[in-house]
Amino acid sequence: MGEITVSGGKNTAVAVIPATLLCDEPCTIENLPDIDDVHVLIQILRSLGALVDYVPGHHMTVDPRPATGFHVPYAQSSRLRASYYLWGALLGRCARAEVGYPGGCTIGSRPFDQHLKGFMALGAQIEDRGGMVYARTDERLVGSDVFFDCVTVGGTINVMLAAAKAEGTTVIYNAAKEPHIVDLANFLNSMGARVRGAGTDVIRIRGVQRLHGCTYAVIPDQIETGTLMIAAAATRGDVTIHGCIPTHMEALTAKLLEMGVSVTENDDSIRVRPRSDQRAVNIKTQVYPGFPTDLQQPMTALLCMAKGTSTVTETIFEQRFKFLDELRRMGARFKLVDNTALIEGVPQLYGAPVTVTDLRAGAALVVAGLMAKGVTEIYETSYIDRGYERIEEKLRLLGADIRREPV
Ligand code: EPZ
(Lines give C-alpha, C1' and ligand atoms only; values in the text may rest on other atoms or scores of the structure.)
Protein backbone atom coordinates (compact mmCIF):
# COMPACT_ATOMS: atom_id res chain seq x y z
CA MET A 1 0.00 0.00 0.00
CA GLY A 2 1.46 3.39 -0.82
CA GLU A 3 3.62 5.19 -3.35
CA ILE A 4 7.13 4.50 -4.59
CA THR A 5 9.49 5.97 -7.20
CA VAL A 6 11.33 3.61 -9.55
CA SER A 7 15.08 3.93 -10.10
CA GLY A 8 16.98 4.45 -13.34
CA GLY A 9 17.24 1.45 -15.64
CA LYS A 10 19.92 -1.19 -14.99
CA ASN A 11 20.05 -2.46 -18.60
CA THR A 12 20.25 1.06 -20.00
CA ALA A 13 22.85 2.23 -17.44
CA VAL A 14 25.16 -0.71 -18.21
CA ALA A 15 25.10 0.26 -21.90
CA VAL A 16 25.43 4.05 -21.43
CA ILE A 17 28.36 3.84 -18.99
CA PRO A 18 30.71 1.99 -21.42
CA ALA A 19 29.48 4.36 -24.18
CA THR A 20 31.07 7.30 -22.31
CA LEU A 21 34.45 5.91 -23.47
CA LEU A 22 33.49 6.97 -27.01
CA CYS A 23 33.28 10.63 -25.95
CA ASP A 24 36.12 13.11 -26.65
CA GLU A 25 35.11 15.26 -23.67
CA PRO A 26 33.74 14.76 -20.15
CA CYS A 27 30.06 13.79 -19.91
CA THR A 28 27.62 13.44 -17.03
CA ILE A 29 25.06 10.66 -16.58
CA GLU A 30 22.11 11.18 -14.23
CA ASN A 31 19.38 8.94 -12.76
CA LEU A 32 21.82 5.99 -12.51
CA PRO A 33 20.58 3.19 -10.23
CA ASP A 34 22.78 2.58 -7.19
CA ILE A 35 23.40 -1.10 -7.98
CA ASP A 36 26.42 -3.38 -8.07
CA ASP A 37 26.56 -3.66 -11.87
CA VAL A 38 27.03 0.13 -12.04
CA HIS A 39 29.72 -0.02 -9.35
CA VAL A 40 31.69 -2.70 -11.19
CA LEU A 41 31.55 -0.81 -14.50
CA ILE A 42 32.88 2.30 -12.76
CA GLN A 43 35.81 0.24 -11.43
CA ILE A 44 36.51 -1.03 -14.95
CA LEU A 45 36.41 2.50 -16.47
CA ARG A 46 38.83 3.68 -13.77
CA SER A 47 41.14 0.72 -14.43
CA LEU A 48 41.27 1.78 -18.08
CA GLY A 49 42.40 5.25 -16.98
CA ALA A 50 39.15 7.23 -17.21
CA LEU A 51 38.46 9.78 -14.48
CA VAL A 52 35.10 9.01 -12.86
CA ASP A 53 33.39 11.23 -10.29
CA TYR A 54 30.45 9.20 -8.94
CA VAL A 55 27.76 10.37 -6.50
CA PRO A 56 25.68 7.23 -5.75
CA GLY A 57 22.01 7.61 -6.49
CA HIS A 58 22.63 10.96 -8.12
CA HIS A 59 25.07 11.33 -11.02
CA MET A 60 28.37 10.29 -12.52
CA THR A 61 30.81 12.45 -14.50
CA VAL A 62 33.26 10.60 -16.75
CA ASP A 63 36.34 12.19 -18.33
CA PRO A 64 37.56 9.48 -20.74
CA ARG A 65 40.42 11.53 -22.17
CA PRO A 66 43.17 10.02 -19.94
CA ALA A 67 41.96 6.46 -20.65
CA THR A 68 44.69 4.65 -22.58
CA GLY A 69 43.86 1.08 -21.52
CA PHE A 70 42.10 -1.53 -23.64
CA HIS A 71 42.67 -4.67 -21.52
CA VAL A 72 40.01 -5.92 -19.07
CA PRO A 73 40.97 -9.19 -17.36
CA TYR A 74 38.54 -12.05 -16.92
CA ALA A 75 38.53 -11.46 -13.14
CA GLN A 76 36.82 -8.12 -13.83
CA SER A 77 34.75 -8.92 -16.95
CA SER A 78 33.25 -12.05 -15.38
CA ARG A 79 31.57 -10.03 -12.62
CA LEU A 80 28.71 -8.95 -14.88
CA ARG A 81 27.16 -9.62 -18.25
CA ALA A 82 27.43 -6.06 -19.53
CA SER A 83 31.24 -6.09 -19.52
CA TYR A 84 30.88 -7.30 -23.11
CA TYR A 85 29.90 -3.74 -24.11
CA LEU A 86 33.54 -2.85 -23.59
CA TRP A 87 34.31 -4.76 -26.78
CA GLY A 88 32.28 -2.31 -28.85
CA ALA A 89 33.15 0.78 -26.81
CA LEU A 90 36.93 0.15 -26.87
CA LEU A 91 36.90 -0.79 -30.57
CA GLY A 92 35.07 2.46 -31.22
CA ARG A 93 37.38 4.44 -28.95
CA CYS A 94 40.85 3.08 -29.78
CA ALA A 95 40.38 0.36 -32.41
CA ARG A 96 41.48 -2.25 -29.91
CA ALA A 97 39.90 -4.34 -27.15
CA GLU A 98 41.17 -7.21 -25.01
CA VAL A 99 38.29 -8.11 -22.71
CA GLY A 100 37.54 -11.32 -20.84
CA TYR A 101 34.33 -13.25 -21.34
CA PRO A 102 31.28 -11.70 -19.61
CA GLY A 103 29.63 -13.19 -16.54
CA GLY A 104 25.98 -12.60 -15.66
CA CYS A 105 23.03 -14.78 -14.78
CA THR A 106 23.28 -18.48 -15.72
CA ILE A 107 19.93 -18.60 -17.50
CA GLY A 108 21.17 -20.33 -20.62
CA SER A 109 24.23 -20.74 -22.81
CA ARG A 110 24.14 -17.02 -23.77
CA PRO A 111 26.54 -17.11 -26.74
CA PHE A 112 27.89 -13.88 -28.23
CA ASP A 113 28.57 -15.04 -31.80
CA GLN A 114 26.37 -12.27 -33.20
CA HIS A 115 28.40 -9.61 -31.42
CA LEU A 116 31.63 -10.90 -33.00
CA LYS A 117 29.90 -11.26 -36.38
CA GLY A 118 28.97 -7.56 -36.17
CA PHE A 119 32.50 -6.46 -35.29
CA MET A 120 33.98 -8.51 -38.15
CA ALA A 121 31.47 -6.97 -40.57
CA LEU A 122 32.90 -3.59 -39.54
CA GLY A 123 36.42 -4.79 -40.34
CA ALA A 124 37.71 -5.88 -36.93
CA GLN A 125 40.05 -8.84 -36.60
CA ILE A 126 38.78 -11.08 -33.81
CA GLU A 127 40.61 -13.71 -31.77
CA ASP A 128 38.58 -15.69 -29.23
CA ARG A 129 41.20 -17.42 -27.06
CA GLY A 130 41.60 -18.50 -23.45
CA GLY A 131 38.45 -16.88 -22.13
CA MET A 132 39.39 -13.56 -23.69
CA VAL A 133 38.19 -11.78 -26.83
CA TYR A 134 40.94 -9.90 -28.68
CA ALA A 135 39.54 -7.41 -31.21
CA ARG A 136 41.44 -4.86 -33.25
CA THR A 137 41.54 -2.92 -36.50
CA ASP A 138 44.48 -1.12 -38.11
CA GLU A 139 42.74 2.21 -38.67
CA ARG A 140 39.09 3.01 -37.93
CA LEU A 141 36.28 0.50 -38.26
CA VAL A 142 34.43 0.78 -41.57
CA GLY A 143 30.62 0.98 -41.61
CA SER A 144 28.79 -1.98 -43.14
CA ASP A 145 25.49 -3.87 -43.16
CA VAL A 146 24.96 -6.24 -40.19
CA PHE A 147 22.09 -8.74 -40.39
CA PHE A 148 21.58 -10.52 -37.04
CA ASP A 149 20.60 -14.21 -37.19
CA CYS A 150 18.54 -13.65 -34.03
CA VAL A 151 17.23 -10.59 -32.21
CA THR A 152 19.90 -9.77 -29.65
CA VAL A 153 19.85 -6.84 -27.23
CA GLY A 154 23.54 -7.13 -26.44
CA GLY A 155 24.57 -7.62 -30.03
CA THR A 156 22.53 -4.62 -31.19
CA ILE A 157 24.02 -2.39 -28.49
CA ASN A 158 27.57 -3.59 -29.14
CA VAL A 159 27.40 -2.88 -32.87
CA MET A 160 25.89 0.56 -32.16
CA LEU A 161 28.87 1.30 -29.91
CA ALA A 162 31.42 0.09 -32.45
CA ALA A 163 29.73 1.89 -35.38
CA ALA A 164 29.21 5.32 -33.77
CA LYS A 165 32.70 6.54 -34.83
CA ALA A 166 33.32 4.15 -37.73
CA GLU A 167 34.11 5.37 -41.28
CA GLY A 168 30.81 5.53 -43.19
CA THR A 169 27.39 4.12 -42.46
CA THR A 170 26.39 0.94 -40.62
CA VAL A 171 22.91 -0.55 -41.01
CA ILE A 172 21.76 -3.09 -38.42
CA TYR A 173 18.97 -5.37 -39.66
CA ASN A 174 16.85 -7.53 -37.32
CA ALA A 175 17.80 -5.14 -34.50
CA ALA A 176 16.46 -5.45 -30.95
CA LYS A 177 13.84 -2.79 -30.05
CA GLU A 178 13.96 -2.71 -26.23
CA PRO A 179 13.59 0.70 -24.52
CA HIS A 180 17.26 0.64 -23.55
CA ILE A 181 18.27 0.42 -27.22
CA VAL A 182 16.40 3.68 -27.84
CA ASP A 183 17.90 5.21 -24.69
CA LEU A 184 21.44 4.38 -25.82
CA ALA A 185 20.74 5.88 -29.25
CA ASN A 186 19.46 9.05 -27.59
CA PHE A 187 22.58 9.23 -25.43
CA LEU A 188 24.90 8.73 -28.43
CA ASN A 189 22.98 11.36 -30.41
CA SER A 190 23.24 13.74 -27.41
CA MET A 191 27.01 13.49 -27.90
CA GLY A 192 26.69 14.25 -31.63
CA ALA A 193 26.40 10.73 -33.05
CA ARG A 194 24.05 10.08 -35.95
CA VAL A 195 21.90 7.07 -34.97
CA ARG A 196 18.51 6.72 -36.62
CA GLY A 197 15.79 4.08 -36.37
CA ALA A 198 16.44 2.83 -32.83
CA GLY A 199 13.29 1.08 -31.62
CA THR A 200 12.65 -0.39 -35.07
CA ASP A 201 14.06 -3.48 -36.79
CA VAL A 202 16.52 -1.37 -38.79
CA ILE A 203 19.03 1.01 -37.18
CA ARG A 204 21.22 3.28 -39.34
CA ILE A 205 24.40 4.72 -37.85
CA ARG A 206 26.46 7.25 -39.77
CA GLY A 207 29.92 7.30 -38.19
CA VAL A 208 31.33 10.62 -36.93
CA GLN A 209 34.92 11.68 -36.07
CA ARG A 210 34.26 13.23 -32.68
CA LEU A 211 31.67 13.08 -29.91
CA HIS A 212 31.21 16.09 -27.61
CA GLY A 213 30.29 16.02 -23.94
CA CYS A 214 26.72 16.13 -22.67
CA THR A 215 24.55 15.61 -19.60
CA TYR A 216 22.12 12.74 -19.98
CA ALA A 217 19.54 11.12 -17.67
CA VAL A 218 18.86 7.43 -18.30
CA ILE A 219 15.25 6.20 -18.53
CA PRO A 220 13.50 4.52 -15.58
CA ASP A 221 13.89 0.78 -15.11
CA GLN A 222 11.23 -1.12 -17.06
CA ILE A 223 11.88 -4.36 -15.17
CA GLU A 224 11.92 -2.82 -11.70
CA THR A 225 8.64 -1.08 -12.57
CA GLY A 226 7.18 -4.44 -13.58
CA THR A 227 8.53 -6.18 -10.51
CA LEU A 228 6.88 -3.58 -8.24
CA MET A 229 3.60 -3.92 -10.19
CA ILE A 230 3.68 -7.69 -9.69
CA ALA A 231 4.55 -7.32 -5.99
CA ALA A 232 1.54 -5.00 -5.58
CA ALA A 233 -0.74 -7.55 -7.24
CA ALA A 234 0.80 -10.37 -5.17
CA THR A 235 -0.09 -8.61 -1.92
CA ARG A 236 -3.44 -7.21 -3.10
CA GLY A 237 -1.97 -3.79 -2.38
CA ASP A 238 -3.01 -0.36 -3.68
CA VAL A 239 0.34 0.89 -5.00
CA THR A 240 1.30 3.85 -7.19
CA ILE A 241 4.67 3.65 -8.96
CA HIS A 242 6.04 7.08 -9.88
CA GLY A 243 8.73 8.06 -12.39
CA CYS A 244 8.01 5.17 -14.76
CA ILE A 245 7.08 5.05 -18.47
CA PRO A 246 3.69 3.24 -18.76
CA THR A 247 4.10 2.56 -22.49
CA HIS A 248 7.11 0.35 -21.67
CA MET A 249 4.87 -1.77 -19.43
CA GLU A 250 2.04 -2.58 -21.86
CA ALA A 251 2.65 -6.34 -22.17
CA LEU A 252 2.62 -6.78 -18.37
CA THR A 253 -0.26 -4.35 -17.87
CA ALA A 254 -2.37 -6.34 -20.34
CA LYS A 255 -1.68 -9.59 -18.49
CA LEU A 256 -2.43 -8.12 -15.06
CA LEU A 257 -5.73 -6.74 -16.39
CA GLU A 258 -6.49 -10.18 -17.86
CA MET A 259 -5.86 -11.68 -14.41
CA GLY A 260 -8.40 -9.31 -12.84
CA VAL A 261 -5.97 -6.76 -11.38
CA SER A 262 -6.82 -3.05 -11.73
CA VAL A 263 -4.04 -1.07 -13.49
CA THR A 264 -4.39 2.68 -14.10
CA GLU A 265 -1.85 4.51 -16.27
CA ASN A 266 -0.99 8.20 -15.94
CA ASP A 267 1.73 10.20 -17.73
CA ASP A 268 4.62 8.98 -15.59
CA SER A 269 3.02 6.73 -13.02
CA ILE A 270 1.06 3.50 -12.78
CA ARG A 271 -1.44 2.57 -10.05
CA VAL A 272 -2.08 -1.10 -9.28
CA ARG A 273 -5.08 -2.10 -7.16
CA PRO A 274 -6.85 -5.37 -6.33
CA ARG A 275 -10.21 -5.78 -8.03
CA SER A 276 -11.32 -9.39 -7.88
CA ASP A 277 -9.96 -12.90 -7.61
CA GLN A 278 -6.81 -13.23 -9.67
CA ARG A 279 -7.37 -15.63 -12.56
CA ALA A 280 -4.79 -17.84 -14.24
CA VAL A 281 -3.37 -16.52 -17.54
CA ASN A 282 -0.98 -17.76 -20.22
CA ILE A 283 2.39 -16.05 -20.69
CA LYS A 284 4.85 -16.39 -23.57
CA THR A 285 8.06 -14.36 -23.35
CA GLN A 286 9.00 -12.46 -26.50
CA VAL A 287 11.38 -9.74 -27.57
CA TYR A 288 10.09 -6.19 -26.98
CA PRO A 289 7.27 -5.17 -27.15
CA GLY A 290 6.24 -8.71 -26.17
CA PHE A 291 6.18 -9.98 -22.59
CA PRO A 292 9.73 -9.41 -21.24
CA THR A 293 11.73 -12.50 -20.32
CA ASP A 294 13.07 -10.59 -17.30
CA LEU A 295 9.53 -10.42 -15.85
CA GLN A 296 8.78 -14.09 -16.50
CA GLN A 297 10.10 -15.24 -13.15
CA PRO A 298 8.34 -12.68 -10.88
CA MET A 299 5.14 -13.24 -12.89
CA THR A 300 5.43 -17.02 -12.52
CA ALA A 301 5.62 -16.53 -8.74
CA LEU A 302 2.42 -14.45 -8.84
CA LEU A 303 0.64 -17.12 -10.90
CA CYS A 304 1.38 -19.77 -8.22
CA MET A 305 -1.67 -18.48 -6.28
CA ALA A 306 -3.90 -17.52 -9.24
CA LYS A 307 -7.22 -19.34 -9.64
CA GLY A 308 -6.73 -22.06 -12.24
CA THR A 309 -3.81 -23.39 -14.24
CA SER A 310 -1.48 -20.98 -16.06
CA THR A 311 1.07 -21.77 -18.74
CA VAL A 312 4.37 -19.87 -18.90
CA THR A 313 6.46 -20.40 -22.02
CA GLU A 314 10.04 -19.08 -21.99
CA THR A 315 11.24 -18.52 -25.57
CA ILE A 316 14.38 -16.42 -24.96
CA PHE A 317 16.56 -18.33 -22.47
CA GLU A 318 16.66 -22.09 -22.10
CA GLN A 319 17.37 -22.27 -18.35
CA ARG A 320 15.11 -19.67 -16.79
CA PHE A 321 12.93 -22.04 -14.72
CA LYS A 322 15.57 -23.22 -12.23
CA PHE A 323 13.94 -21.14 -9.47
CA LEU A 324 10.77 -23.27 -9.64
CA ASP A 325 12.47 -25.85 -7.40
CA GLU A 326 12.71 -23.16 -4.71
CA LEU A 327 9.03 -22.24 -5.20
CA ARG A 328 8.08 -25.91 -4.91
CA ARG A 329 9.43 -25.86 -1.37
CA MET A 330 7.00 -23.02 -0.63
CA GLY A 331 4.07 -25.14 -1.81
CA ALA A 332 3.91 -24.21 -5.48
CA ARG A 333 2.49 -26.86 -7.79
CA PHE A 334 3.76 -27.02 -11.37
CA LYS A 335 4.95 -29.28 -14.16
CA LEU A 336 7.68 -28.46 -16.67
CA VAL A 337 7.19 -29.60 -20.27
CA ASP A 338 10.12 -28.50 -22.47
CA ASN A 339 10.22 -24.69 -22.21
CA THR A 340 6.73 -24.39 -20.75
CA ALA A 341 5.75 -24.43 -17.07
CA LEU A 342 2.19 -25.50 -16.22
CA ILE A 343 1.42 -23.66 -12.97
CA GLU A 344 -1.52 -25.02 -10.94
CA GLY A 345 -2.66 -22.20 -8.67
CA VAL A 346 -2.79 -23.11 -4.95
CA PRO A 347 -4.77 -21.32 -2.20
CA GLN A 348 -1.62 -20.50 -0.22
CA LEU A 349 2.18 -20.54 -0.40
CA TYR A 350 4.13 -21.06 2.82
CA GLY A 351 7.37 -19.47 3.98
CA ALA A 352 10.56 -21.52 3.66
CA PRO A 353 14.34 -20.97 3.41
CA VAL A 354 15.12 -20.48 -0.31
CA THR A 355 18.23 -19.73 -2.35
CA VAL A 356 18.56 -17.25 -5.20
CA THR A 357 20.06 -18.65 -8.43
CA ASP A 358 19.94 -15.52 -10.61
CA LEU A 359 18.86 -11.88 -10.50
CA ARG A 360 15.23 -12.20 -11.58
CA ALA A 361 14.82 -15.49 -9.72
CA GLY A 362 15.67 -13.43 -6.65
CA ALA A 363 12.87 -11.01 -7.50
CA ALA A 364 10.50 -13.96 -7.94
CA LEU A 365 11.40 -15.35 -4.51
CA VAL A 366 10.79 -11.95 -2.91
CA VAL A 367 7.34 -11.85 -4.56
CA ALA A 368 6.63 -15.38 -3.36
CA GLY A 369 7.80 -14.48 0.15
CA LEU A 370 5.42 -11.52 0.19
CA MET A 371 2.53 -13.85 -0.72
CA ALA A 372 3.47 -16.68 1.63
CA LYS A 373 2.10 -17.39 5.07
CA GLY A 374 4.98 -17.39 7.57
CA VAL A 375 8.60 -16.32 7.19
CA THR A 376 10.67 -16.84 4.03
CA GLU A 377 14.46 -16.65 4.39
CA ILE A 378 16.12 -15.72 1.08
CA TYR A 379 19.81 -16.58 0.72
CA GLU A 380 22.39 -15.36 -1.87
CA THR A 381 20.71 -11.95 -2.08
CA SER A 382 23.83 -10.47 -3.76
CA TYR A 383 22.26 -11.52 -7.08
CA ILE A 384 19.31 -9.23 -6.32
CA ASP A 385 21.57 -6.29 -5.47
CA ARG A 386 23.11 -6.48 -8.95
CA GLY A 387 19.88 -5.22 -10.49
CA TYR A 388 17.60 -3.74 -7.81
CA GLU A 389 18.45 -0.66 -5.73
CA ARG A 390 17.74 -1.49 -2.06
CA ILE A 391 14.63 -3.52 -2.94
CA GLU A 392 13.81 -4.24 0.71
CA GLU A 393 13.69 -0.51 1.57
CA LYS A 394 11.26 0.18 -1.28
CA LEU A 395 9.00 -2.72 -0.35
CA ARG A 396 9.10 -1.77 3.35
CA LEU A 397 7.94 1.74 2.37
CA LEU A 398 4.91 -0.01 0.83
CA GLY A 399 4.16 -1.89 4.04
CA ALA A 400 5.99 -5.17 3.41
CA ASP A 401 7.45 -6.97 6.40
CA ILE A 402 10.90 -7.50 4.86
CA ARG A 403 14.36 -6.92 6.26
CA ARG A 404 17.95 -7.79 5.48
CA GLU A 405 19.89 -9.67 8.12
CA PRO A 406 23.62 -10.44 8.31
CA VAL A 407 24.25 -14.13 7.59
C1 EPZ B 1 20.09 -8.66 -22.26
O2 EPZ B 1 20.84 -9.86 -22.21
C3 EPZ B 1 19.78 -8.31 -20.81
N4 EPZ B 1 21.02 -8.09 -20.09
C5 EPZ B 1 19.00 -9.45 -20.15
O6 EPZ B 1 18.63 -9.03 -18.85
C7 EPZ B 1 17.72 -9.69 -20.95
O8 EPZ B 1 17.05 -10.81 -20.41
C9 EPZ B 1 18.05 -9.94 -22.43
O10 EPZ B 1 18.85 -8.86 -22.94
C11 EPZ B 1 16.79 -10.06 -23.27
O12 EPZ B 1 16.04 -8.90 -23.15
C13 EPZ B 1 21.59 -6.86 -20.19
O14 EPZ B 1 21.09 -5.98 -20.86
C15 EPZ B 1 22.87 -6.66 -19.43
P16 EPZ B 1 20.24 -11.19 -25.91
P17 EPZ B 1 21.62 -10.37 -23.55
O18 EPZ B 1 21.55 -11.00 -26.58
O19 EPZ B 1 22.12 -9.20 -24.29
C20 EPZ B 1 20.69 -15.43 -28.08
C21 EPZ B 1 18.45 -9.13 -16.54
O22 EPZ B 1 17.87 -9.90 -15.76
N23 EPZ B 1 21.95 -14.88 -28.60
O24 EPZ B 1 19.07 -10.37 -26.35
O25 EPZ B 1 22.54 -11.44 -23.15
C26 EPZ B 1 20.78 -15.68 -26.57
O27 EPZ B 1 21.30 -16.96 -26.31
C28 EPZ B 1 19.20 -9.70 -17.71
O29 EPZ B 1 18.49 -7.88 -16.44
C30 EPZ B 1 22.71 -15.62 -29.50
O31 EPZ B 1 22.34 -16.73 -29.87
O32 EPZ B 1 20.39 -11.02 -24.35
C33 EPZ B 1 19.34 -15.58 -26.13
O34 EPZ B 1 18.71 -16.83 -26.37
C35 EPZ B 1 19.07 -11.22 -17.79
N36 EPZ B 1 23.87 -15.10 -29.98
C37 EPZ B 1 18.76 -14.56 -27.10
O38 EPZ B 1 19.66 -14.47 -28.21
C39 EPZ B 1 24.32 -13.84 -29.60
O40 EPZ B 1 25.40 -13.41 -30.06
C41 EPZ B 1 18.60 -13.16 -26.50
O42 EPZ B 1 19.86 -12.75 -26.00
C43 EPZ B 1 23.53 -13.10 -28.69
C44 EPZ B 1 22.34 -13.63 -28.21
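The values are calculated or read from the model by the stated rules, or taken from the named source; none is laboratory data. Not measured: the values here are computed from a predicted model. So basically every Cβ, Gly included, is an ideal-geometry build from the backbone, and we count neighbours across all protein chains shown. Accessible surface is based on the protein model in full, side chains and every heavy atom, while ligands, DNA and RNA are left aside. Shrake-Rupley method; radii C 1.70, N 1.55, O 1.52, S 1.80 Å.
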Problem set entry | Pairs of lysines in the chain (C-alpha under 26 Å apart; 8 or more residues apart or interchain) | 28
Exercise. Under the Karplus relation 6.51 cos²θ - 1.76 cosθ + 1.60, θ = phi - 60°, what is the ordered set of whole-Hz ³J(HN,Hα) values for the stretch 291-299, x standing for Gly and Pro?
Worked result: 5, x, 4, 6, 9, 4, 5, x, 5
Problem set entry | Compactness of the stretch 99-195 - radius of gyration and Dmax, Cα, Å | 13.5, 37
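Given the rule -39500 (n - 2.57) for each run of at least 4 DSSP H residues, summed and divided by the residues of the chain, what is its mean residue ellipticity at 222 nm, to the nearest 500 deg cm²/dmol?
Numbers: 14 runs with 128 residues, N = 407.
After summing the helix terms and dividing by the residues of the chain, the value is -9000 deg cm²/dmol.
Equivalent-ellipsoid semi-axes (√(5λ), Cα gyration tensor) for the chain, whole Å, largest first? Spell out each step's value before the answer.
Details: eigenvalues 281, 87, 79 Å².
Three semi-axes, in Å: 38, 21, 20.
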Exercise. What ranking, highest mean first, results for peptides 40-47, 124-131 when packing means the other Cβ atoms within 10 Å averaged over each residue?
Worked result: 40-47, 124-131
Exercise. Taking Rh as the Kirkwood radius computed over C-alpha pairs, what is the Stokes-Einstein D of the stretch 108-154 at 37 °C in a medium of viscosity 0.692 mPa s, expressed in µm² per second?
Worked result: 280
Seminar exercise, completed: On the accessible surface of the stretch 120-183, probed at 1.4 Å with all protein chains in place, carbon and sulfur together account for a percent value of 51
For this session: Measure nothing but the geometry: give the 0 to 90° angle between the long axis through the Cα atoms of 179-190 and the longest principal axis through the Cα atoms of the chain, rounded to 10°.
Result: 30
Exercise. Helix 10-19: angle to the longest alpha-carbon principal axis of the chain, degrees 0 to 90, nearest 10?
Worked result: 10
Seminar exercise, completed: Residue-normalised value, i.e. accessible area per residue, for the stretch 176-331 at 1.4 Å probe, in Å², stands at 38
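Tell me, Kirkwood radius of the stretch 1-123 from alpha-carbon pair distances, in Å?
On the way: mean 1/r = 0.0663 Å⁻¹.
Kirkwood radius, the stretch 1-123: 15.1 Å.
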Exercise. Once both axes come from the Cα atoms, what is the angle between helix 153-163 and the longest principal axis of the chain, in degrees from 0 to 90, rounded to 10?
Worked result: 20
Exercise. Tell me, what ³J(HN,Hα) does each residue in the stretch 26-40 have, in order and in whole Hz, if you take phi through Karplus 6.51 cos²θ - 1.76 cosθ + 1.60 with θ = phi - 60° and put x for Gly and Pro?
Worked result: x, 9, 10, 10, 10, 6, 6, x, 8, 10, 5, 4, 5, 4, 5
Problem set entry | Point-to-point label distance, Ala75-His58, nm (Cα→Cβ direction, 7 Å offset) | 3.2
For this session: Please report, to two decimal places, log10 I(q)/I(0) for the stretch 189-264 at q = 0.18, 0.27, 0.28 Å⁻¹ as given by the Debye formula with identical point scatterers on the Cα atoms and no solvent.
Result: -0.80, -1.27, -1.32
Exercise. Can you list the residues, at least 5 places off or on another chain, whose amide H is less than 5 Å from the amide H of Ile283, using H built in the peptide plane?
Worked result: Thr311, Val312, Thr313
